[in-house]
Amino acid sequence: MFWQFENIELSSSALIDDSSGKEISYAGLKYLCDIISDKFKSDSKKLIFSFCDNSVESVITYLSALRSGNAIFLANARMDNELKKNLIDLYMPEIIFSTDDISDLLAEYAREIVADKYTFYFKKNIQEITSIHPDLAVLLSTSGTTGSPKLVKLSYQNIQANAESIAEYLNITNEDKPITSLPMSYSFGLSVINSHLIKGATILCSNKSMVMREFWNTFNQHHCTSFSGVPYNYQMLQKLKFDKMNLPSLKTMTQAGGRLSEEFIKYFYDAATNKGIKFFVMYGQTEATARISYVPFERLGEKIGSIGIPIPNGEIKIFSDEEEVITPTIQGELVYYGKNVMMGYAENRADLSTGDMMNGILHTGDLAYKDSEGYCYITGRMKRFIKLFGLRVNLDEVEKMLENHFNCAAACYGTDDSLKVILQTHGINVSEPAKKTIIDTYKLHHSVVSVKCVDSIPVTSSGKKDYKVIQEMLFDECH
Amino acid sequence: MNNLEKLKKAFSDALEIPTETINDELAYGSESWDSVAHLALVASIETEFDIMLASDDVIDMSSFLKAKEILQKYEVKF
């Protein structure tokens, strides 16, 4: 298990604290984890909430929870207090770690500072509440900072299996040095940490943002070898003229967390080729711990638009009407099989007592097909269909078509009598031509289609299109 | 609208905050100014002043004050 640091050179550097520049070896990390774990010890398994960022303290608290056999929920420290309070009421954690002072929220907890800089809140009166299942290791939210109480339950086996697979296909070694460019409360961000610890690599723990100069100064100063991003990070990087950026130590960059448009993939593929580095386009879901598939870099040039092949030890099947589709290019639901499939969802404390409900099978809800070589292509979401005059319209397909046609981000929302579209065009008005394109392509009546050009499409903290906000925005438009 | 008002409008639009709350101290990381908003802010400033920001300036634009300094390089006077 990667949190035991077995078979790892203990004198090598494990974490670098970006704020102080201090390096912590694997031996030092073990020592710090023992001090913190000691605080978590008791007769029964406990739930720890961590309102974390990418600080060394956040990483060590996470590892200490794993090492002491307690369950930990990793939540974004930037979540607002009302949402934090709501989650605390629902899940009744015995211990809370927070990078910010949240004493005001926690009347029933006693504050204690451990090892000078770790602020914990311990519940004063622990009543007999539902026990926590022995397999449960980590809880993650699928919605970022919006604070939905629905959490994904991950087992020790889940996080270990996914870390092993990722480390294998990315060929991670102890020479690697990633920078934490995504929040660790986000499954993709956490997978970067897990898959590097398993190989004894060095992680630069930073809270800096990829859009600020300090991030890149830090990256170069510490000779980092990789970073990871979601689509909007790559949109920004193109704006920063990534192909001309001087990043001599960079070896690998990875992208997941939503569809990056084909034009961007092409741009980064060319830039990576010129720089002699590797660019991985990947796909996953928090429900699969993080990763489901990836495109091997050698094949990216000919597989642009594909989410690739299953990760090592995983399997992907396409199902249509409950039957497996064997014929290439026929579309159906993407179903994933692997040891990294979650235990199930939780909506409150009582749900933490149940074991695995999934049996290693995840119905992703994504529509996809395989090509003749087994490379998968996502065509849309199963639930994002609307029926206009009896005609099935795939909202994701409309978005993809518009994005490729007008070279800008697009988001659709629809009911069974209207299709509403927003385009992120930064001030250029293409509403009329876009509307005409939709009407012509899908043979729709002009009265059911409306298009609006905006400066930015709302996204969640993990950078995915925020359909809840988009829906509200478009709903307001017509009332 | 003078240039200061135009810049405030660009910030207000991108960060979705009232213009009255915008001052020199407003910096990246505060209010709603995160990495997503930064992309929108850059677009908003480019549209408002009809310029194209160099990549160095995009990553240096870490506060409202800094944005004013940067824009002077593009012959925008305050």
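Laboratory data are not the source of any read-out in this text; all were calculated from the coordinates shown. Worth saying up front: this structure is predicted, and the values here are computed from it rather than measured. So basically every Cβ, Gly included, is an ideal-geometry build from the backbone, and we count neighbours across all protein chains shown.
Mind putting a number on the dipole of chain A about its Cα centre? Charges go on the C-beta only, +1 for Lys and Arg and -1 for Asp and Glu, and I need it in Debye to the nearest 20. Walk me through the numbers before you get to the answer.
On the way: 49 positive and 59 negative charges, 130 e Å.
Roughly 620 debye, rounded to the nearest 20.
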**Prompt:** Bin by bin, in steps of 5 Å, what percent of the Cα pairs in the stretch A:260-359 do you find, going until the bin that has the longest distance?
**Reply:** 2, 11, 17, 16, 17, 13, 10, 6, 4, 2, 0
**Request:** Could you give the spread of the C-alpha atoms of the stretch A:384-477 along their three principal axes, from largest to smallest, in whole angstroms?
**Result:** 36, 25, 23
**Prompt:** Rounded, prolate or oblate: which fits the stretch A:40-147 when a ≥ b ≥ c are the square roots of the eigenvalues of the alpha-carbon gyration tensor, with rounded for a/c under 1.5 and prolate only if a/b beats b/c?
**Reply:** rounded
**Complete:** Expressed in angstrom and rounded, the centroid-to-centroid distance over alpha carbons for the stretch A:408-479 and the stretch A:1-38 is 48 Å
**Message:** If a paramagnetic tag sat 7 Å from the Cα of B:T47 along the Cα-Cβ line, which residues of the stretch A:392-414 would have the backbone N under 17 Å from that point?
**Reply:** A:406-411
**Request:** Using DSSP to define loop residues, name the GluC sites (Glu not before Pro) in the stretch A:293-346 whose beta-carbon has at most 12 other beta-carbon atoms within 10 Å.
**Result:** A:E302, A:E322
**Message:** What percentages make up the Cα-Cα pair-distance distribution of the stretch A:284-325 when the bins are 10 Å wide from 0?
**Reply:** 26, 42, 30, 2
**Cα→Cβ-extended label distance, 7 Å offset, between A:M401 and B:N2, nm** = 5.1 nm
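On average, how many beta carbons from a partner chain sit within 10 Å of the beta carbon of a residue in A:420-432?
Details: counts 0, 0, 0, 0, 3, 1, 7, 6, 1, 0, 0, 0, 0.
Partner Cβ neighbours, averaged per residue: 1.
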**Prompt:** Quick one: putting +1 on the C-beta of Lys and Arg, -1 on the C-beta of Asp and Glu, what dipole do you get for chain B around its Cα centre, in Debye to the nearest 20?
**Reply:** 180 debye
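Counting only other chains, what is the mean number of Cβ atoms within 10 angstrom of the Cβ of each residue in peptide B:52-61?
Partner Cβ neighbours, averaged per residue: 4.
How do A:T99, A:T354 rank when sorted from fewest to most other Cβ atoms within 10 Å of their own Cβ? Please report the intermediate quantities before stating the final value.
Numbers: A:T99 20, A:T354 15.
Final ranking by Cβ density, sparse to dense: A:T354, A:T99.
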**Asked** Within chain B, what is the longest stretch that has no GluC sites (Glu not before Pro) placed in a DSSP loop and near at most 11 other beta-carbon atoms within 10 Å?
**Response** B:26-74
**Complete:** Cα-based Rg/(2.2 N^0.38 Å) for chain B, rounded to two decimals, is 0.96
**Asked** Between B:K9 and A:D270, what FRET efficiency follows from the Cβ-Cβ distance if R0 is 22 Å, with the result rounded to 0.05?
**Response** 0.05
**Request:** Would you mind counting up the charge near B:I51? Only other residues with Cβ under 13 Å from its Cβ, with Lys and Arg at +1 and Asp and Glu at -1.
**Result:** -3
**Fill in**
Per the rule of 0.36 nm per residue minus the C-alpha distance, extending A:N171 to A:T379 adds in nm 72.0 nm
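Once you list every other residue whose beta carbon is under 11 Å from the beta carbon of B:A10, what net charge do they have if Lys and Arg are +1 and Asp and Glu are -1? Walk me through the numbers before you get to the answer.
Numbers: positive: B:K6, B:K8, B:K9; negative: A:D455, B:E5, B:D13, B:E46, B:E48.
That works out to -2.
Which value, in debye to the nearest 20, describes the size of the charge dipole of the stretch A:384-477 about its Cα centre when Lys and Arg Cβ atoms bear +1, Asp and Glu Cβ atoms bear -1, and nothing else is charged?
On the way: 12 positive and 13 negative charges, 48 e Å.
Dipole of the stretch A:384-477, to the nearest 20 debye: 240 debye.
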**Request:** With unit charges on the beta carbon (Lys/Arg positive, Asp/Glu negative), name the residue among A:C412, A:H133, A:I159 whose Cα is farthest towards the positive pole of the charge dipole of chain A.
**Result:** A:C412
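What's the exposure ranking of B:H38, A:H133, A:H446, going from fewest to most Cβ atoms within 10 Å? Provide the component values of the computation, followed by the final result.
On the way: B:H38 24, A:H133 19, A:H446 10.
So the ranking, lowest neighbour count to highest, is A:H446, A:H133, B:H38.
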**Item:** Percent of Cα pairs exceeding the 18 Å cut-off, where the set is the stretch A:104-213
**Value:** 67 percent
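When DSSP assigns beta bridges and you keep just the ones with both residues in the protein assembly as shown, what percent turn out antiparallel, to the nearest 5? Show your work: numbers first, answer last.
On the way: 56 of 88 bridges.
Counting DSSP beta bridges with both partners in the protein assembly as shown, the antiparallel share is about 65 percent.
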**Asked** Given the C-alpha centroids of the stretch A:158-178 and the stretch A:197-234, what is the distance between them in whole angstrom?
**Response** 16 Å
**Prompt:** How big is D for the stretch A:148-247, in µm² s⁻¹ as a whole number, if Stokes-Einstein is applied with the Kirkwood radius of its Cα pairs at 4 °C and 1.567 mPa s?
**Reply:** 89 µm²/s
**Request:** Could you grab the relative contact order for chain B? Cα pairs under 8 Å, six or more apart, rounded to a whole percent.
**Result:** 35 percent
**Request:** Measure off 7 Å from each Cα along the Cα-to-Cβ vector at A:A107 and A:D321, then give the distance between these two points in nanometres to one decimal.
**Result:** 6.0 nm
**Item:** Zone of A:K22's modelled label, taken as backbone nitrogen in the stretch A:184-221 under 17 Å from a point 7 Å along Cα→Cβ
**Value:** A:203-207
**Request:** Could you tell me the largest-minus-smallest coordinate of the C-alpha atoms of the protein assembly as shown on each of the three principal axes, in descending order and whole angstroms?
**Result:** 66, 65, 50
